[in-house]
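These notes concern the structure reproduced below.
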Amino acid sequence: MPIREDVLVVGGGIAGATAALAAAEAGAQVRLLSHKKSTLRQASGLVDVLGSVGDAPLADPFEAIDRLPEAHPYRVVGADAIHEGLRIFDDVVGDVYAGGHTDRNALVLTHGGTIKPTARYPNSVAPGLASVAEDTLLVGFAGLTDFDAPVAAEHLAATDVPFDLDGVSVRFPIEFRDDARTTRLAKALDTDEDDARRRLVETIEAADSDLDYDRVGFPAMLGDDHAAAVREELADRLGATVFEIPTGPPSLLGMQLEDLLFEALDDAGVRLSSGNPAVGYETADGRIESVTVDRRGQAVPYHAEEFVLATGGLVGKGIESDRESVTEPVFDCHVPHPDDRYAWSEADAFGDHAFARFGVVPDAELRPTDPGGDVHYENLRAAGGVVGGADVAREKSAAGVSLATGAYAGRRAGEEAAR
């Protein structure tokens, strides 16, 4: 008996999860296929809609949408789809995230010592916003190479933030290997292993005898299951507000967001199939009939009425490249790119690189098109990083593009399946 759904979503990142939730809201029976762990665990846990156009940071991402190129995914789906993606996200995270009260960006301190405009951010990050004029101490830990608190404080102070800022690096109160993972340190604070919370405060006080700050920022590793209790106890002992600073991989905030998304998928009745790659597909009369998954050497077809491709961009391997070409490996959709490989990038590391915008070219329904502009398949839509036209790293728009296109593609797929 073939496995059949109304909607099949291929890809388990934020775009795939959003598409699956939107399709389920439309009344469809949905299955989500994912091969590997999503890149969320490598991400900061922040949700950026649009942080900049050109070099200028944006206070209001929505007022700048018309300034984006016509091929940009936001121009394709429109502001309503961005709002819809954010609404789905807010429903998923509930009161765990802040920022849902406004369309304007907040200014979040980063582990690299910069200020990032972002639309949604965990509540643990909220007390550390750069717009809050409170004297701040940043605390880092020896062995955590991606966050040097004194250097970050120096960089932030150079941006003329409206508060005094210092940084200190201390050893974690429990001896671990220097390469101990962030999650291991978080667990020690979670369980208060060997009186870790009290000892951490004493270590900070010993490093800064003149401890007199309104707030203290730590890398985002202040517990997991009992994170609120950890922050509350540290704040009480320090006599200051405690907040977290998003870090690089492995990102505890990213992992927590991934957990929230998959809990929401389960609650919505979305069926999950993970750990096996999509290796082929069958078509008939201009429509996809099924996607074939390699399950331990056995080819297993998954049939559906509608399909959403949400496998990611170059980083997520949803778009692949070699020295000759750029391809989309699941459905072999067209990915335009210069024939000359040297035209894929610029000499300036922070330049306007062509490769950053590689992806499938969608029509107004987010259906991938061929070189002539005709859709590849009537019942295939794309979402997230696999959609071309956006330089999400430069624009600070990755999560927003995933939410907006995921919501749009998933809703349209669900509505079509219901016809």
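Each reported figure results from applying straightforward, stated rules to the coordinates on display, with no laboratory input. These numbers come from a predicted model, not from an experiment. Cβ sites come from the backbone with ideal geometry, for glycine too, and all protein chains shown count toward neighbours.
Rounded to the nearest 5, what % of the DSSP beta bridges within the stretch 54-169 are antiparallel ones?
Counting DSSP beta bridges with both partners in the stretch 54-169, the antiparallel share is about 55 percent.
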Query raised in the report: Residue by residue through the stretch 101-112, which ³J(HN,Hα) values in whole Hz follow from phi under the Karplus form 6.51 cos²θ - 1.76 cosθ + 1.60 (θ = phi - 60°), with glycine and proline marked x?
Result: 7, 8, 8, 7, 6, 9, 10, 9, 6, 10, 5, x
Report summary line: Taking the alpha-carbon centre of each part, the distance from the stretch 95-120 to the stretch 208-248 in Å is 18 Å
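Which of the trypsin sites (Lys or Arg not before Pro) found in the stretch 274-379 are in a DSSP loop and have at most 11 neighbouring Cβ atoms, other than their own, within 10 Å?
When the trypsin sites (Lys or Arg not before Pro) of the stretch 274-379 are filtered for loop state and at most 11 Cβ neighbours within 10 Å, Arg296, Arg323 remain.
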**Report entry** Residues with amide H under 5 Å from that of Val293, placed H, sequence gap 5 or more
**Finding:** Val279, Val300, Tyr302
Query raised in the report: Once amide H atoms are placed 1.01 Å from N in the peptide plane, what residues at a sequence separation of 5 or more from Cys333, or on another chain, have their amide H within under 5 Å of its amide H?
Result: Glu328
Query raised in the report: What are the radius of gyration and Dmax of the chain, computed over its Cα atoms and given in Å?
Result: 22.6, 75
Query raised in the report: Pairs of lysine in the chain with Cα under 23 Å and at least 8 positions apart or on different chains: total?
Result: 6
Report task. Using the charge dipole of the chain (Lys, Arg: +1 at Cβ; Asp, Glu: -1 at Cβ; taken about the Cα centre), state which of Val30, Val386, Leu129 has its Cα farthest towards the positive end. Result -> Val30
Query - Under Karplus coefficients 6.51, -1.76 and 1.60, residue-wise ³J(HN,Hα) of the stretch 284-301 in Hz, glycine/proline x - result: 7, 6, x, 10, 7, 9, 7, 10, 9, 10, 8, 10, 6, x, 9, 7, 10, x
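What is the magnitude of the charge dipole of the chain about its Cα centre, with +1 placed on the Cβ of each Lys and Arg, -1 on the Cβ of each Asp and Glu, and no other charges, expressed in debye to the nearest 20?
The dipole of the chain has a size of about 1040 debye.
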Query raised in the report: Using modelled amide H (1.01 Å from N, peptide plane; none on Pro or chain starts), what sits under 5 Å from the amide H of Arg381, excluding residues fewer than 5 places away?
Result: Phe307, Val308, Leu309
Query - Computed Rg/Rh of the stretch 126-245, alpha carbon atoms with Kirkwood Rh - result: 0.94
Query raised in the report: How many percent of Cα pairs in the stretch 1-155 exceed 29 Å?
Result: 30 percent
Query raised in the report: For the stretch 39-66 and the stretch 377-414, what is the separation of their C-alpha centers, rounded to whole Å?
Result: 15 Å
Query raised in the report: From the phi of every residue in the stretch 210-215, what ³J(HN,Hα) in whole Hz does the Karplus formula 6.51 cos²θ - 1.76 cosθ + 1.60 yield, where θ is phi - 60° and glycine or proline is x?
Result: 9, 6, 8, 10, 6, 8
Query raised in the report: Out of every Cα pair in the stretch 132-194, what percent are spaced more than 15 Å from each other?
Result: 56 percent
